[in-house]
Amino acid sequence: MTTSTTRSDADLLFRVFNEVGIIAQLSSTAFERVMPDGMTLAQFTILNHFVRLGGRRRPSDLARAFQVTRATMTSTLQRLEPKGLVSIIADESDGRGRLVEITDAGRAIHADCLSRLAPVLDSLLDAIGSAPFAAALAPLTEIREKLDRMRD
């Protein structure tokens, strides 16, 4: 703890991250329950990454982005490729390297996963309303962006 961080500030940060962690666990479990057979949350998040950002990525860049080991990322990609959800091709600029990109089938399964999640989200919106989510989005985005910059 730095001299400018008080005990109550540290407690507040812990409580916020604790809530975010619990929300992540609960939402992940709810999402996994509605995903198509054979689709894991780890696989979906890779597809989501490509849908959100587009382009091609090296497996090592994906591993760094998701903060997992290269072996873990390779394992996940090796489960997606036989399903035709990603394509892994040689990197022409690096003879040993590979590049990964999402396929049309990957985009379609991503859309299917989101449509399966819609009833869960609708139920949550019915119970809570959209205002807390709207209010939380900007500060959560700011925190995520700052944490993302801090890891590099």
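The values are calculated or read from the model by the stated rules, or taken from the named source; none is laboratory data. Values in this document were obtained by computation on a predicted structure and should not be read as measured data. With ideal geometry, Cβ positions are generated from the backbone for all residues, glycine too; neighbour counts draw on all protein chains shown. Surface areas here come from the heavy atoms of the whole protein model, side chains and all, with no ligands, DNA or RNA. Shrake-Rupley method; radii C 1.70, N 1.55, O 1.52, S 1.80 Å.
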*Among (1) over 24 Å from Thr29 (Cα atoms); (2) modelled with pLDDT of 95 or more; (3) exposed (fewer than 14 other Cβ atoms within 10 Å of the Cβ); (4) of a type in the set (A, V, I, L, M), which single condition is Leu99 missing?*
(3)
*asked:* Just the residues that are open to solvent by 70 Å² or more (accessible area, probe 1.4 Å) and part of a loop (DSSP other than H, G, I, E, B), please, taken from the stretch 108-146.
replied: Ser130
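Which residues, taken from the stretch 3-45, are outside any helix (DSSP H, G or I), under 26 Å from Ala118 (Cα atoms) and either within 17 Å of the chain's Cα centre (by Cα) or among the small types (Gly, Ala, Ser) (or both)? Let's see the steps before the verdict.
Quick first cut of the stretch 3-45, residues outside any helix (DSSP H, G or I) only: 3-6, 35-40.
Filter again for under 26 Å from Ala118 (Cα atoms), leaving 35-40.
Selection gives Met35, Gly38, Met39, Thr40.
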_Which numbered condition Ala30 fails, given (1) in contact (Cβ under 8 Å) with a residue 60 or more places away in the chain; (2) among the aliphatic types (A, V, I, L, M); (3) surrounded by fewer than 12 Cβ atoms within 10 Å (Cβ to Cβ)_ = (3)
*How do the pairs read when you match residues in the stretch 37-49 that are under 12 Å from Val86 (Cα atoms) with residues anywhere that are open to solvent by less than 30 Å² (accessible area, probe 1.4 Å) and of a type in the set (Gly, Ala, Ser), using Cβ under 7 Å and keeping only pairs 6 or more apart or on different chains?*
Leu47/Gly106
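I want to confirm something. Restricting to the stretch 79-96 and keeping residues that are of a type in the set (D, E, K, R) and in a loop (DSSP other than H, G, I, E, B), which single residue is surrounded by the fewest Cβ atoms within 10 Å (Cβ to Cβ)?
Of the residues in the stretch 79-96, the ones of a type in the set (D, E, K, R) are 79, 81, 83, 91-92, 94, 96.
Narrowing further to those that are in a loop (DSSP other than H, G, I, E, B): 81, 83, 91-92, 94, 96.
Numbers: Glu81: 15, Lys83: 14, Asp91: 13, Glu92: 8, Asp94: 10, Arg96: 6.
Once the filter is applied, the top-ranked residue is Arg96.
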_Meets criteria (open to solvent by 40 Å² or more (accessible area, probe 1.4 Å), at pLDDT below 95, outside any helix (DSSP H, G or I) and among the basic types (Lys, Arg)) for Arg149_ = no
_Let me spell it out: the conditions are (1) of a type in the set (A, V, I, L, M); (2) modelled with pLDDT under 95; (3) loosely packed, with under 15 Cβ neighbours inside 10 Å, and Val20 meets all of them except one. Which number is the exception?_
(2)
*Matching option when the condition is over 24 Å from Met150 (Cβ atoms) and small (Gly, Ala, Ser), among Ala71, Ala42, Ala63*: Ala71
_Residue list for the stretch 46-78, filter: surrounded by fewer than 13 Cβ atoms within 10 Å (Cβ to Cβ), assigned to a helix (DSSP H, G or I) and within 15 Å of the chain's Cα centre (by Cα)_ = Arg52, Leu53
